[in-house]
Amino acid sequence: MLENYVVIDLEMTGLNAKTDVILEVGAVRVRGGKQVEEYGALLRTEKPLTEQLTKLTGITQEMTEAGREPERAMAEFFEFLGEDILVGQNVIFDYSFLKQWAVNHGFAFEREAVDTLKLARRFLPAEQKKDLESLCAYFNVSRGRAHRALDDARETGMIFERLKTAYGEENPEAFLPHPFLYRAKKQTPATGRQMEGLKRYAAYYGINENEIPAQMTRSEASRLLDRWITQYGRMPKAPR
């Protein structure tokens with residue numbers, strides 16, 4: 001039976017690991033079934049947050065602007081994870097963002113994991129909702145700040161132990177970790193030429209330069225320009 005592992009939870013700006021960014025990370029180390037150590041960090045980002053995301057998480061633009069420097073915080077986060085088995089609620093979602101970060105920064109990241117969502121779907125009644133909020137109510141786990149990474153990681157860890165106690169003895173195979181197979185392609189930063197092109201286009205059509213993120217990938221810059229062209233048209237070619 002799995003006794004030693006790390007529970008993870010991330011908050012992101014959206015659902016796509018290729019185009020969205022990590023906002024907050026949380027992890028709880030478990031030894032002998034007990035939570036013994038934790039790590040949490042809110043990351044700095046200039047990527048605009050939606051009102052819906054702020055309403056859901058309570059994370060504001062001002063909070064992210066004052067957050068930790070992402071490179072340093074993520075290095076500490078990966079160091080905290082070490083080689084531990086991961087546990088998480090719909091953990092493949094969080095893993096996809098971690099994998100994308102690792103690929104973008106040139107290092108390998110392969111882990112085995114156990115998903116509390118899959119366990120809940122297997123063992124709990126069909127009519128029982130399986131989101132983290134509902135699982136906390138079902139297992140009488142006190143809820144902290146909903147949709148904040150460290151709080152959610154703590155609660156996910158408690159839910160995993162409740163599931164293990166209730167169903168692990170008769171179904172030990174369900175609680176074995178499995179390797180994740182998630183492929184990620186390295187994203188390269190936008191070139192200086194792309195950024196200058198976006199600024200010239202914005203100036204020509206009177207678009208606020210604040211709509212151009214300070215940090216973009218090549219694909220993001222291309223998509224932004226394509227969207228503008230669809231909306232405003234192409235810039236006239238300069239006379240030779």
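The values are calculated or read from the model by the stated rules, or taken from the named source; none is laboratory data. What you see is a predicted model, and the numbers here were worked out from it, not measured in a lab. Note that each Cβ is placed from the backbone with ideal geometry, even for glycine, and that neighbours are counted across all protein chains shown.
Just checking, does region 68-81 include any residue being of a type in the set (A, V, I, L, M, F, W, C) and in a loop (DSSP other than H, G, I, E, B)?
Scanning region 68-81, I find no residue that is of a type in the set (A, V, I, L, M, F, W, C) and in a loop (DSSP other than H, G, I, E, B), so the answer is no.
Among the residues of region 18-52, write down those that are part of a loop (DSSP other than H, G, I, E, B), under 20 Å from I212 (Cα atoms) and in contact with a Lys or Arg (Cβ under 9 Å, 6 or more places away or on another chain).
K18, T19, D20, V21, R44
Would you say P172 is touching a strand residue (DSSP E or B) at 6+ places or on another chain (Cβ under 9 Å), surrounded by fewer than 17 Cβ atoms within 10 Å (Cβ to Cβ) and touching a residue at least 24 places away in the same chain (Cβ under 8 Å)?
No, not satisfied.
Could you figure out which of (1) surrounded by fewer than 20 Cβ atoms within 10 Å (Cβ to Cβ); (2) in contact (Cβ under 8 Å) with a residue 24 or more places away in the chain; (3) in contact with a Ser or Thr (Cβ under 7 Å, 6 or more places away or on another chain) isn't true of T54?
(2)
Within region 1-17, take every residue that is under 18 Å from L81 (Cβ atoms) and assigned to a loop (DSSP other than H, G, I, E, B) and give me the one that is nearest to the chain's Cα centre (by Cα).
Among residues in region 1-17 that are under 18 Å from L81 (Cβ atoms) and assigned to a loop (DSSP other than H, G, I, E, B), the one nearest to the chain's Cα centre (by Cα) is A17.
Can you tell me which residue is modelled with the lowest pLDDT among those in region 58-87 that are within 18 Å of G14 (Cα to Cα) and crowded, with 20+ Cβ neighbours inside 10 Å?
Checked region 58-87; the qualifying residue modelled with the lowest pLDDT is T64.
Testing S222 on (1) surrounded by fewer than 10 Cβ atoms within 10 Å (Cβ to Cβ); (2) within 28 Å of E65 (Cα to Cα), one condition comes back false. Which one is that?
(1)
Among the residues of region 116-127, is there at least one that is in contact (Cβ under 8 Å) with a residue 12 or more places away in the chain, within 23 Å of N210 (Cα to Cα) and surrounded by 13 or more Cβ atoms within 10 Å (Cβ to Cβ)?
Taking every residue of region 116-127 in turn, none turns out to be in contact (Cβ under 8 Å) with a residue 12 or more places away in the chain, within 23 Å of N210 (Cα to Cα) and surrounded by 13 or more Cβ atoms within 10 Å (Cβ to Cβ).
Just checking, which of T156, T116, T191, T165 is among the polar types (S, T, N, Q), at pLDDT 95 or above and more than 23 Å from the chain's Cα centre (by Cα)?
Just a single option satisfies the conditions, and that option is T165.
Mind telling me which of the residues I85, I159 ends up being of a type outside the set (F, W, Y), in the same structural domain as M12 (by TED's automatic domain parsing) and in contact with a strand residue (DSSP E or B) (Cβ under 6 Å, 6 or more places away or on another chain)?
I85
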